[in-house]
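S.K.: Submitted below is the structure of interest, expressed as structure tokens.
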Amino acid sequence: MIETSSNAALAERLVKISARLALQEKKIDTLAKRMPSNPGPVWTGLDAAAEAAQLADLRQWVADVLTDTERGYGDWFGGRGHALLPACWPRHRAVVLILTPVWAEWQRCFLPDQPHQLADQLNFHGRVLWGLDQLLRKAIGSDCGERGKCTRPGPSPTS
Ligand SMILES: [Zn+2]
């Protein structure tokens, strides 16, 4: 009799533990879906062709989203992006390295096929874009000299 009662108590406890486990598994699945599926582009280990292709994609995003006044954030940065970035920005590795995760985060937050939430988008504007212009100015620095007369090696500003 005692043994049966003990078995029933254990069975009841096992049911409760199983229910908790199922709940935790559901929470983990929900959190996993929020994790970015794309860890973001990297520049190390790319061959020249892959690096050129990735840079072309980044340049396109900068032109279409970051600096465009009609479809993007150009007004935020003083109009058409010229106030934000000189044409020679792809030659400035620090600028490329700063823009790359911004580009990746924008994709994660705004592309419809990416798992994101409203908080991600608000965070992008309030945390990622905020202060970006200062970072970029510092990355370009006085090393660039006069805008349009950059002497750094690298891809042509117009290619
Ligand atoms: Zn420059």
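Bear in mind these aren't lab numbers, they're just calculated from the coordinates by the rules spelled out. Everything quoted here is computed from the prediction, not taken from an experiment. So basically every Cβ, Gly included, is an ideal-geometry build from the backbone, and we count neighbours across all protein chains shown.
S.K.: Filter the range 24-74 for residues that are aromatic (Phe, Trp, Tyr) and not in a loop (DSSP other than H, G, I, E, B) and give the result. Even if it seems obvious, please write down each step before you answer.
M.R.: Going residue by residue through the range 24-74, those that are aromatic (Phe, Trp, Tyr) are 43, 61, 73.
Correct list: Trp61 only.
S.K.: Another question about this same structure. List, please: which pairs have Cβ atoms under 9 Å, are six or more places apart or on different chains, and start with a residue in the range 56-71 that is closer than 12 Å to Val102 by Cβ and end with one that is among the polar types (S, T, N, Q)?
M.R.: Leu58/Thr100; Trp61/Gln107
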